[in-house]
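Heads up: the structure comes next, in structure tokens.
The values are calculated or read from the model by the stated rules, or taken from the named source; none is laboratory data. Please read all numbers here as calculations on a predicted model, not as lab measurements. Because the Cβ atoms are built from the backbone with ideal geometry, glycine has one as well, and the counts that use them run over all protein chains shown. With ligands, DNA and RNA removed, areas are computed over all heavy atoms of the protein, side chains included. Shrake-Rupley method; radii C 1.70, N 1.55, O 1.52, S 1.80 Å.
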Amino acid sequence: MAGGTILRRNPGLIGFRPLDGGPDLPVGDWTEGCPRARAAGTPTSVRAVYAQQPRSLPPAGARMAQAGEWLPYLAWDGLGEGGTPLIELPPPAPLADLRIKAEWMNPTGSHKDRMSPLVVARARERRARGVICASSGNAALSLAAYAARAGIACCVVVGSTVPAATRTALERLGARMIPAGDGIARWTAMRRLVDAEGWYPATNYALPAAGSNAWGVEGYRTLAFELAAEMPDGIDAVVVPTARGDTAHGLATGFQALREAGLWQHEGPRVVAVEPFARVSAVLAGTARTTDDFAGQTQQTSIAGETTTDQAVRAVRDTGGVALVIDDAAAAAAQATLASRHGLLLELCAAATFAAVPRLAGMLAPSGGRVVLIGTASAALEAAYAAARLETAA
């Protein structure tokens, strides 16, 4: 058997529920979201359904492995993911409390480490050929590391500007790299490999997009569990870098699960989606649909792309949140401030959450508010990306 851990699927997992409220689906691999909704031209993702929720939370600071009763698996091949620090920042008036969740302190340096081990676990359970993703950065490195940990194959569909440092890391982790064009071209190549060669998909490859593998997205619920344990007096808003909304959706459903279990008595938090150009915000404003193409260029690589999803929109709308456009210039200014004044070296889209704070402060109640930023990853890969883009242009 691959991997050193005996997989233990949660016996309480009883199926998956489409986000549009359609009939529940059995336990399975709904990698393009709900098939009924996709056939109707309104694609949406699915979330796991459990027979009952646990009656307690893991303690503050606990690793993700201690939250297995809330997840599709009780045990998996892990690297010590989760349990990341919550760092205080000086809150601008009228905010009462501002903190950043240090997701760059996960084993491979990003929040993707909450998703990858559960995808790999499902691939192991299915005895799939291996796992596959379309990524040239954080998701690729994370998936390759957890696949190596579990002893299964990993295939990564990379774009034209994948940095040499990332290539080297993926090679050392034993991942197979498939070059493709950028954006949608990578999804097309990934679909071919999924269909023809039997690779198990971690990230989205469907058009219109629905989101990443639902088994893996469940891992982002642990962000909510950790925040609830760390801030039991309540949270007014959580600010999340957003493209197709995996993290935002996981957060929203995590707090919903806590309410259903009677472990979170507060109204919040609102999910605040930060994006480099209008996608979620356009859909919320009624000027676009989730199935549209969204034109826009950005250096915020981790949340780039011309698509959004129903799950991203629902995470914001259903929590009473908002989507804010933070352009590259504002994100870069925030990145510089976080580094020079607070010692935090965040990637551009993670720093964009800090740029949103002054606007968010004016939206919250005059009495103040408690806000958490999701610091998805460090700036480690950004210099390599910049060099790769210059090399490609030359």
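Key figures
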| item | result |
| --- | --- |
| Sum of side-chain charges, THR287 neighbourhood, beta-carbon under 14 Å (Lys, Arg +1; Asp, Glu -1) | 0 |
| Within the chain, helix-based [θ] at 222 nm, where runs of 4 or more DSSP H residues each add -39,500 (n - 2.57), nearest 500 | -10000 deg cm²/dmol |
| FRET efficiency, 1/(1 + (r/R0)^6) with R0 35 Å, evaluated for THR188 and GLN256 via beta carbons | 0.55 |
| Selected from ALA252, GLY262, PRO232, residue furthest toward positive end of dipole (the stretch 208-274; charges at beta carbon) | ALA252 |
| Share of carbon and sulfur in the accessible heavy-atom surface of the stretch 168-327 [1.4 Å probe, %] | 46 percent |
| Nearest-0.05 FRET efficiency for ALA196 and ASP233, computed from C-beta distance (R0 35 Å) | 0.10 |
| For the stretch 181-207 versus the stretch 85-115, the gap between their alpha-carbon centres in whole angstrom | 31 Å |
| Evaluated at q = 0.20, 0.22 Å⁻¹: base-10 log I(q)/I(0), Debye formula over Cα of the stretch 105-195 | -0.90, -1.08 |
| Extension reserve of the ILE6-LEU74 stretch, reckoned as 0.36 nm per residue once the Cα distance is removed | 23.5 nm |
| Charge dipole (the chain, unit charges on Cβ, about Cα centre) - positive-most of LEU98, CYS133, ASN10 | ASN10 |
| Dipole axis of the stretch 208-360 (+1 Lys, Arg; -1 Asp, Glu on Cβ), positive-most option in TYR220, VAL316, ALA243 | VAL316 |
| The chain, dipole about Cα centre (Lys/Arg Cβ +1, Asp/Glu Cβ -1), debye to the nearest 20 | 780 debye |
| DSSP beta bridge pairing in the chain, given as percent antiparallel to the nearest 5 | 30 percent |
| About the Cα centre, charge dipole magnitude for the stretch 166-297 (Lys/Arg +1, Asp/Glu -1 at Cβ), debye | 500 debye |
| Rounded Å value of the spacing that divides the Cα centres of the stretch 319-380 and the stretch 138-174 | 29 Å |
| Convex hull volume per residue in cubic angstrom - Cα atoms of the stretch 44-136 | 189 Å³ |
| Extension gain, ALA96 back to ARG341 (0.36 nm per residue minus Cα-Cα distance, nm) | 86.3 nm |
| Exposed trypsin sites (Lys or Arg not before Pro) absent: longest stretch of the chain, with sites in DSSP loops and at most 11 other Cβ within 10 Å deemed exposed | 128-394 |
| Accessible area per residue in Å² at 1.4 Å probe, computed on the chain | 39 Å² |
| The stretch 48-110, dipole about Cα centre (Lys/Arg Cβ +1, Asp/Glu Cβ -1), debye to the nearest 20 | 120 debye |
| Kirkwood hydrodynamic radius of the chain, Cα pairs, Å | 20.8 Å |
| Net lengthening on full extension, THR168/THR42 (0.36 nm per residue, minus Cα-Cα) | 41.4 nm |
